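*Asks:* The structure's right below; bear with me while I get my questions together.
The values are calculated or read from the model by the stated rules, or taken from the named source; none is laboratory data. Values in this document were obtained by computation on a predicted structure and should not be read as measured data. Cβ coordinates were reconstructed from backbone atoms using ideal geometry, including for glycine residues, and neighbour counts include every protein chain displayed.
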């Protein structure tokens, strides 16, 4: 009998506490979360609910105060700083709201940047850069600097950059938050297509329409997961979010 494949990510009893003593604040409170391999997961919740904190912990950008994190069955919250740096570079790809492209570099050079930072030769990744720019629909914009690209094009460059080293998990923090609706739709279609091809995607978003493109939606409130929904229905996500935001602070969930 074959051994079941472990999930891409597993968080158990995850706590993130800022400060100490009576002024301590728990941004996350005993969060349990499983992300299946190849799943597109959306994380939603009111401002201050812990969405970005959870994403940062999953991506090893920060350490939990308590609890454990596993990547395909192997624990990683207890790794040392050097091991976490390697993990971030080789296992996770990151996409942020404000693109974070270097303004003096071309689209191709920005995509290549993670390899250069890790000390690898540009020639090793030349074909990969061309492949990724074509994948995100920007093959003809490779030589353009960010100021010559639209917001949607810049975000697609950022996605290509995040995919350069073939990450096991792509983490996106409000990837459409700085885009117009048309550009945002194109970015979401790209993320959805990648998930359909087997890429694990975890996305924080405030947009119900974006969340509905995911396979599953997790709702946070006051640092706790209070509801999970299947994706695909924008109206259902809107209703759940409205109900969550209308509850008095500290109300039972």
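*Asks:* From the list 132, 171, 149, 138, exactly one residue is under 30 Å from residue 51 (Cβ atoms), assigned by TED's automatic domain parsing to the domain that holds residue 212 and in contact with a helix residue (DSSP H, G or I) (Cβ under 7 Å, 6 or more places away or on another chain). Which is it?
*Replies:* 171
*Asks:* Right, another one. Of the conditions (1) within 21 Å of residue 184 (Cβ to Cβ); (2) in contact with a strand residue (DSSP E or B) (Cβ under 6 Å, 6 or more places away or on another chain); (3) modelled with pLDDT of 95 or more, residue 148 clears all except one; give me its number.
*Replies:* Residue 148 satisfies all of (1) within 21 Å of residue 184 (Cβ to Cβ); (2) in contact with a strand residue (DSSP E or B) (Cβ under 6 Å, 6 or more places away or on another chain); (3) modelled with pLDDT of 95 or more except (2).
*Asks:* Looking at the stretch 38-88 only, could you name the residues that are in a strand (DSSP E or B) and within 17 Å of the chain's Cα centre (by Cα)?
*Replies:* Across the stretch 38-88, the qualifying residues are 40, 41, 42, 43, 44, 69, 70, 71.
*Asks:* Would you check which residues across the stretch 63-82 are surrounded by fewer than 16 Cβ atoms within 10 Å (Cβ to Cβ) and either touching a helix residue (DSSP H, G or I) at 6+ places or on another chain (Cβ under 9 Å) or closer than 11 Å to residue 11 by Cα (or both) and list them?
*Replies:* 63, 66, 68, 73, 75, listed by residue number.
*Asks:* Hey, residue 90 hits all of (1) in contact with a strand residue (DSSP E or B) (Cβ under 9 Å, 6 or more places away or on another chain); (2) in contact (Cβ under 8 Å) with a residue 12 or more places away in the chain; (3) closer than 20 Å to residue 167 by Cα but one; which does it fall short on?
*Replies:* All conditions pass for residue 90, except number (1).
*Asks:* Answer with yes or no whether residue 184 is out of contact with any helix residue (DSSP H, G or I) (no Cβ under 6 Å at 6 or more places or on another chain), surrounded by 21 or more Cβ atoms within 10 Å (Cβ to Cβ) and in contact (Cβ under 8 Å) with a residue 24 or more places away in the chain.
*Replies:* yes
*Asks:* Quick one: would you say residue 85 is within 13 Å of residue 10 (Cα to Cα) and in the same structural domain as residue 183 (by TED's automatic domain parsing)?
*Replies:* no
*Asks:* Name the residues in the stretch 1-14 that are modelled with pLDDT under 95 and part of a strand (DSSP E or B), would you?
*Replies:* Selection gives nothing.
*Asks:* Sticking with this structure for a sec: Somewhere in the stretch 3-16, is a residue surrounded by 15 or more Cβ atoms within 10 Å (Cβ to Cβ) and farther than 29 Å from residue 240 by Cα?
*Replies:* Yes, the stretch 3-16 has at least one match.
*Asks:* Quick one: count up the residues across the stretch 208-229 that are closer than 19 Å to residue 172 by Cα, surrounded by fewer than 20 Cβ atoms within 10 Å (Cβ to Cβ) and touching a helix residue (DSSP H, G or I) at 6+ places or on another chain (Cβ under 9 Å).
*Replies:* Number of matching residues: 2.
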